[in-house]
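Reading through the structure tokens given below for one structure.
Since every read-out is calculated from the coordinates, none of them should be taken as a lab result. Worth saying up front: this structure is predicted, and the values here are computed from it rather than measured. Using ideal geometry, Cβ is built from the backbone for each residue, glycine included, and neighbour counts are taken over all protein chains shown.
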């Protein structure tokens, strides 16, 4: 692959990682700060108890974090290593 293409792809994945981590942090802070309001809305919408919603929020945040690691951070780091070797 051409070096400029690798540099562009590395930059893209870096910014995607930054944006996704920002969204993860914003979502986490929102859930913590507005838990009562969010739980009430989601409880009525989906017919779930607050305990079930807590598990759902935790599962969502965990899965999103894993997706960021697997789809953004690891490929970014691999490309950085490849470019350092050139």
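Return, ordered by residue number, the residues of the range 14-44 whose backbone nitrogen is under 15 Å from a label point located 7 Å along Cα→Cβ of residue 56.
From the range 14-44, the list is 31, 35-44.
Report, to the nearest 10°, how far helix 74-84 tilts away from the longest principal axis of the Cα atoms in the chain, using its own Cα long axis and a range of 0 to 90°.
The angle comes out at about 20 degrees.
Post the alpha-carbon centroid distance, the range 37-64 to the range 1-36, in whole angstrom.
23
Quick check: pseudo-label points 7 Å beyond the Cα along Cα→Cβ at residue 23 and residue 74, how many nm apart are they?
1.9
Taking the Cβ-Cβ separation of residue 66 and residue 32 as r and a Förster radius of 22 Å, what is the calculated FRET efficiency to the nearest 0.05?
Once rounded, the FRET efficiency stands at 0.65.
Can you give the calculated 222 nm mean residue ellipticity of the chain, where each DSSP H run of n ≥ 4 adds -39,500 (n - 2.57) and the sum is split over every residue, rounded to the nearest 500 deg cm²/dmol?
-29000 deg cm²/dmol
When only Cα pairs under 8 Å and 6 or more residues apart are kept, what is the percent relative contact order across the chain?
Taking the mean separation of contacting Cα pairs over the length of the chain, I get 52 percent.
Using the C-alpha atoms of the range 3-84, what convex hull volume per residue, in cubic angstrom, is computed?
Expressed per residue, the convex hull around the Cα atoms of the range 3-84 is 85 Å³.
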